[in-house]
1. At a Cα cut-off below 29 Å, give the lysines reachable from residue 407, other chains included and same-chain residues fewer than 8 away excluded.
2. Compare 61, 236, 43 in a GNM of the chain, Cα atoms joined below 10 Å, and give the one with the largest fluctuation.
3. Return the whole-Å distance between the Cα centroid of the stretch 104-121 and the Cα centroid of the stretch 126-187.
4. Carbon-plus-sulfur fraction of the accessible area of the stretch 40-294, 1.4 Å probe, in percent?
5. If each of residue 51 and residue 141 carries a label point 7 Å out from its Cα toward its Cβ, how far apart are those two points in nm?
6. Residue 191: accessible area at probe 1.4 Å, nearest 10 Å²?
7. Taking the dipole about the Cα centre of the chain, with the C-beta of Lys and Arg at +1 and of Asp and Glu at -1, give me whichever of 384, 325, 36 is farthest to the positive side.
8. Toward the positive end of the charge dipole of the stretch 40-294, about the Cα centre and with charges on Cβ (Lys, Arg +1; Asp, Glu -1), which of 292, 167, 251 goes farthest?
Amino acid sequence: MALDLTHIRSLFPILDQEVNGKPLVYFDNAATTQKPQSVIDALSQYYQTDNSNIHRGAHTLADRATRTYEKTREMVREFIGAKEQEEIIFTKGTTEGINLVAATFGRKYIQAGDEIIISTMEHHSNIVPWQMLCEEKGAHLKIIPVSDAGEIDLEDFKKLLSPTTKLVSVVHVSNALGTINPVKSIIDLAHAQGAKVLLDGAQSTSHLEVDVQALDCDFMAFSAHKIYGPTGMGVLYGKREILESMPPYQGGGEMIKEVTFEKTTYNEIPFKFEAGTPNIGDVIAFQKALEFVKEIGKANIKAHEDDLLAYAVEKLSHIKGFVPIGTAKEKVSVVSFLIKDMHPFDVGMMLDASGIAVRTGHHCTQPLMNRFGIEGTVRASFAVYNTKEEIDRLAESVHKIAKIKNK
Ligand code: C6P
C-alpha cells in the first residue's frame, strides 16, 4: 500500500519549516524521530486537565491519571507482544533499561568467572554497564566480531558461547549501520547453553514488527522517543519469572509494600522496579505515538522505509568518492557513509547548510568505528514521513560536496 505522505507529513508540524533558507530535510531519525501533533497535544492536555500523582491519591484526578497511565502499559504490552502487563517496566529509555538489568539481574546472577557476550556493534549503553559489572564481579566480557559488511556470523557467536556464559546482550538493529541481527538464532543458541538474552530494541521497535514471545528474549529495552513518542520515557520488558526473582533497582516510594526501620518488603512487579514519581505525562502521551504507528501499520512503514533505503543506496552509490559503511543484506533504513578525503563532520555541516539534518560522528559506537578503522561516519536515517524527493536533495548535495575532493 502506497502511503499518503502528504497527510502523514501534515501530522508533524516541525517538518514544515526552513533551515538555513531551505526546506528542512530531517534525516536524523535514528537519533530521535519527530513527534506527531497528537503526541504534543496529549502531553499538553494531560497537564491541562489530569495532572496528578498516580497510584497514591484517593481523589478523582489521581484516579484518572492513574488509569490513563496504566493504559499505556497495556498498549505497550500489545505493541511488543508480551504475555502480561506486569512484564512492562517504565524507564527513562533504553539506557536505563539496560542499566537496570545490569544492576539487578547482574548483581544477583553474575559471579566471578562468569561470561557476558555482547557484539562489536553495540551502542555504548550496551557496553559500559557490562564493563562496570564485570569489573565489580570479576566476570568477563566476550565480543562477537562483525564482518566488513557489518554483519554477525553465527559461527563466530557459537565459538564464544559456553556453559559459563550467563548473559548475551545484543543490539537487534545497529544504530550506526542499520544491520538487522539474526536475534532469533542468537536467542535460541544462548538458551541452549542456559544463558539469558537481553535485546537492545532501541532501533528495531520503530522499524520492525517485534514480538517478544515469538523471539523468546528474556529482556528487551527500548525508548519511546525513537518511535514518534516523547523523550524521557522508555520500556524494559522482562519475563515474569525472571523479574520476580531479581532484587529491586532503586529504593524509594512505590517500590515497597511495607517499610519499617527493621525490614522493608517490596512491591509486586512492575512497581518493584519503578521507585519514585514516574514521567507520567510522557508515558501518557506515548499512547498517541503507538496509535499513530498502529494506524499506518508496521508492515506499511517497513515497506516504505525499505523503498527509501533502496532508492538512496542506488542514488548515492553513483557518486564518486561515496563510501558506504555497513552493507549488510538485512538492513533498516540507515545509510552510513564517508566521502573520500573528507571529514564526516565537515560533510554534516555542509549538508546542514542545505537544510539537511544528518548525524555525524561515532554514533556512541566507538568500538565499531575502531573495527572499521574510522573515527565516524555521516548517517542519514529515514522514517515514515520521509520522501524520495528528500533523498534527491540529499544525493544532489552529497554530489556537490564530494566534487570538492573527488574531481
Ligand atoms: N542512539 C543514535 O543517534 P537512549 O539514549 O537511552 O534513548 O538510547 C540509547 C541507545 C541504545 N541503543 C541503541 C542501539 C541506540 O541507538 C541508542 C540511542 C541514538 O544512534 C543516540 S546516541
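1. The qualifying lysines are 22, 315, 320, 340, 388.
2. For the chain, modelled as a Gaussian network with Cα springs under 10 Å, the answer is 61.
3. One Cα centre to the other: 11 Å.
4. 51 percent
5. In this crude label model, residue 51 to residue 141 measures out at 4.1 nm.
6. Number for this one is 50 Å².
7. Toward the positive end, the furthest listed residue is 325.
8. Of the listed residues, the answer is 251.
The values are calculated or read from the model by the stated rules, or taken from the named source; none is laboratory data. These figures come from a predicted structure and were not determined experimentally. Every residue, glycine among them, receives a Cβ derived from its backbone with ideal geometry; neighbour counts consider all protein chains shown. Please note that ligands, DNA and RNA were not included when accessible areas were found on the heavy atoms of the full protein model with its side chains. Shrake-Rupley method; radii C 1.70, N 1.55, O 1.52, S 1.80 Å.
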